1. What tally of residues in region 37-68 results from selecting those that are under 11 Å from the mean Cα position of the chain (by Cα), in contact (Cβ under 8 Å) with a residue 40 or more places away in the chain and within 14 Å of Leu7 (Cα to Cα)?
2. Within region 6-25, can you find the residues that are farther than 17 Å from Glu64 by Cβ and touching a strand residue (DSSP E or B) at 6+ places or on another chain (Cβ under 7 Å)?
3. Mind checking which helices (runs of 4 or more DSSP H) fall wholly inside the chain and carry at least 1 residues that are loosely packed, with under 15 Cβ neighbours inside 10 Å, modelled with pLDDT of 90 or more and out of contact with any Gly (no Cβ under 8 Å at 6 or more places or on another chain)?
4. For region 28-63, name all the residues that are in contact with a Leu (Cβ under 7 Å, 6 or more places away or on another chain), closer than 14 Å to Ile8 by Cα and among the hydrophobic types (A, V, I, L, M, F, W, C).
Amino acid sequence: MDDSEKLIIETLDKIRHFLQKDGGDIEYVSFKDGIVFVRMHGACQGCMYADADIKELVEVILQEEVPGVVEVRITEQ
């Protein structure tokens with residue numbers, strides 16, 4: 001695991017509680033070519049707002065905190 005991945009995981013851990021308050025969660029899967037791949041769990045899995053949450057919350061924060069992150073995508077289970 002490289003430094004970028006460690007920073008991604010640390011950042012996800014900081015914002016995870018926002019998702020958990022609504023009964024959901026997020027799991028880091030991988031980081032390749034500037035794209036962070038995550039899985040959604042709990043209430044977030046299959047939620048019609050999951051894509052918006054990823055783009056408006058998770059992606060924005062990761063882009064600010066982790067150099068090289070250009071996008072966040074949800075991957076299937």
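The values are calculated or read from the model by the stated rules, or taken from the named source; none is laboratory data. In this text, all values refer to a predicted model and were calculated from it rather than measured experimentally. We place every Cβ from the backbone using ideal geometry, glycine too, and count neighbours over all the protein chains shown.
1. Final tally of qualifying residues: 3.
2. Within region 6-25, the first condition is being farther than 17 Å from Glu64 by Cβ, and the residues that meet it are 17, 19-25.
Listed by number, the residues that qualify are Leu19, Gly23, Gly24, Asp25.
3. On the way: elements: 3-20, 50-53, 59-65.
Qualifying helices (runs of 4 or more DSSP H): 3-20, 59-65.
4. Val36 - this is the single residue of region 28-63 that is in contact with a Leu (Cβ under 7 Å, 6 or more places away or on another chain), closer than 14 Å to Ile8 by Cα and among the hydrophobic types (A, V, I, L, M, F, W, C).
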